[in-house]
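In what follows, a single structure is set out as structure tokens and then discussed.
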Amino acid sequence: MKISIVGGGYVGLVTGTCFAQLGHDVTIIEINAEKVRVINNGQPPICEIGLEDLLKQHAGKTLRACAEFNSIASADIVLICVGTPPKPDGSSDLSYIESASSSVGTALKNNSSYCCVVVKSTVPPGTTEKIVRSVVLKNSEKSEDTIGFAMNPEFLREGRAVEDFLHPDRIVIGSDDPRAEKQVADLYRGISAPVIHTSLSAAEMIKYTSNAFLATKISFSNEIGNICKHLGIDVYEVMKGVGYDPRIGPLFLHAGAGFGGSCFPKDVSSLVSLAQIAGENPVLLQSVLTVNEQQPHRMVAFLEEKLGSISEKRIAVLGLAFKDNTDDIRDSRAIPVIRELLQKKAYVSAYDPMAVSNMQQIFPDIKYFSCAADALAGSDGCLVMTEWPEFSLLDKEFDLMSQRIIIEGRRILTCKGADGICW
Ligand code: UGA
């Protein structure tokens, strides 16, 4: 099939490259000229395992990027993969969805065949119906006989996105048009996974609900971990025993510094805001966010308990990315930790294998090091904020500290003498 993808960001690029791998002809429409250039050269602008290999195989052949919407004139399917960033009140900013829909609609005037417009971006329920469908139809001046609509959420984890795309747990296709539904299902031919057909708004809600449930598992584990810490119990032993119950499952029960990234905090906030607009008081979801906001403060409080005043003390922060295997620092739990350390007049020595240059944009004045040992040398305390596998090997490096006070926000160290935030 001929696919046009609006937005060459994280989701658009991974999706487009994987669809090229499945044998489709893909055009990524992206306004950032530098991204267009690197994609066409077969170089991914993001770090993602397996992406470069696939991009190199298909760029310039069945995959290309450009700024124009011309490819839509001959597209069988258009996927909208633009951002839906949070507004200050937690709700989603849908302006990119609106402008993408308007450009897609205008470009569809020149498409003489049936084309299906699919929303992949995470959007509040009702968006595909009320915004995308109406803006596309208005701008295309066409009827629904020639344009179909569907909502097909992504479930890609950063760092494992290619693997998640090619081996998904499920494919959710929301649509009220059997022709559109079939066209989207055909896109995934070659991938073995259950296909779940739903209404447009149920598909939109499935994405929010999945992320909110996963975030809830984490905050729940953190709250149990905080209680276990007081009782002198290892929460990891507890959750291991709990996770064997198939009704609960063993995944996403890792207690620690809380969840970050571009999805969980944003999607739970957006769901809270949707609930409030609907007149609900979503106390559980609000608590999920509250627990998550408190965990970083607990890290600093625990450090103060061990060290006394941290004013003018040197604190090593190991791990800046929101999780391992990425340079992404969006909503990383290291950010509130560093902010509080600085407020309390501590000096920060930071290290991360990939995320230093991104964190320099937020905290240009703290000290950054190119290895953990250098960040630890002379430090009075250490906070471990990311589950980087290389941290599991650290031991004698901690002897370089002026005192070996180590607090783990992620269960990753194997050396003796570290204290976990929840264990
Ligand atoms: C998440 C979901 O896992 C994906 O299924 C979803 O498609 C994606 O959001 C999205 O909406 O696009 P991602 O944000 O890449 O993926 O990261 P995760 O691996 O889920 O981790 C999120 C955060 O939770 C990290 O900060 C991680 O350290 C933390 N976490 C995860 C825990 O604190 N405990 C756990 O047990 C698991």
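Every read-out reported here was derived from the displayed coordinates using simple, explicitly stated rules and does not represent laboratory data. These numbers come from a predicted model, not from an experiment. Cβ placement follows ideal geometry from the backbone for every residue including glycine, while neighbour counts extend to all protein chains displayed.
Structure notes:
- Sites listed here are GluC sites (Glu not before Pro) in the range 285-319 whose DSSP assignment is loop and whose Cβ has at most 13 other Cβ atoms within 10 Å: GLU312.
- Overall form of the range 205-353 per C-alpha gyration tensor (a/c, 1.5; a/b vs b/c): prolate
- Cβ-based exposure ranking for LYS323, LYS182, in which fewest neighbours within 10 Å come first: LYS182, LYS323
- Temperature 25 °C, viscosity 0.890 mPa s: under these conditions the Stokes-Einstein estimate for the range 158-216, based on its Kirkwood radius over C-alpha pairs, is 196 µm² per second.
- Along its principal axes, the range 198-261 has C-alpha extents of 48, 26, 15 angstrom, given from the largest down.
- Table column - 3J(HN,Hα) (Hz), the range 229-243, Karplus curve with 6.51, -1.76, 1.60, x for Gly and Pro: 4, 5, 8, x, 10, 7, 4, 5, 5, 4, 5, 5, x, 6, x
- Report note on the peptides 2-13, 394-405: ranked by the mean count of other C-beta atoms within 10 Å, highest first, their order is 2-13, 394-405.
- Database remark: amide H of ILE28 closer than 5 angstrom to the amide H of ILE5, ARG64, ALA65, CYS66 (H placed geometrically; neighbours at sequence offset of 5 or more, or on other chains; Pro and chain starts carry no H).
- Local electrostatic count at LEU289 - Lys and Arg +1, Asp and Glu -1, tallied over other residues with Cβ under 12 Å: -2
- For the range 94-232, DSSP calls about 10 percent of its internal beta bridges antiparallel.
- Extent along principal axes [Cα atoms of the chain; Å; largest to smallest]: 72, 47, 37
- Order of MET205, MET1 under a 10 Å beta carbon neighbour criterion, fewest first: MET1, MET205
- Shape call, the range 51-149: gyration tensor on alpha carbons, a/c limit 1.5: oblate
- Cross-link partners of LYS35 among lysines, defined as those whose alpha carbon lies under 17 angstrom from its own and excluding same-chain residues fewer than eight positions apart: LYS56.
- Long-range amide H partners of SER92 with built H, under 5 Å: LYS87
- The chain, helix-only ellipticity at 222 nm - DSSP H runs n ≥ 4, -39,500 (n - 2.57), divided by all residues, nearest 500: -12000 deg cm²/dmol
- Shown for GLU30, GLU340, GLU144: other C-beta atoms within 10 Å of each C-beta, ranked fewest to most, produce the order GLU144, GLU340, GLU30.
- Rounded to 5, the percent of DSSP beta bridges in the chain classed as antiparallel: 5 percent
- For the range 15-99, trypsin sites (Lys or Arg not before Pro) meeting the loop criterion (DSSP other than H, G, I, E, B) and having at most 11 other Cβ atoms within 10 Å: LYS61.
- Cα gyration tensor shape of the range 100-170, rounded if a/c is under 1.5, else prolate or oblate by comparing a/b with b/c: prolate
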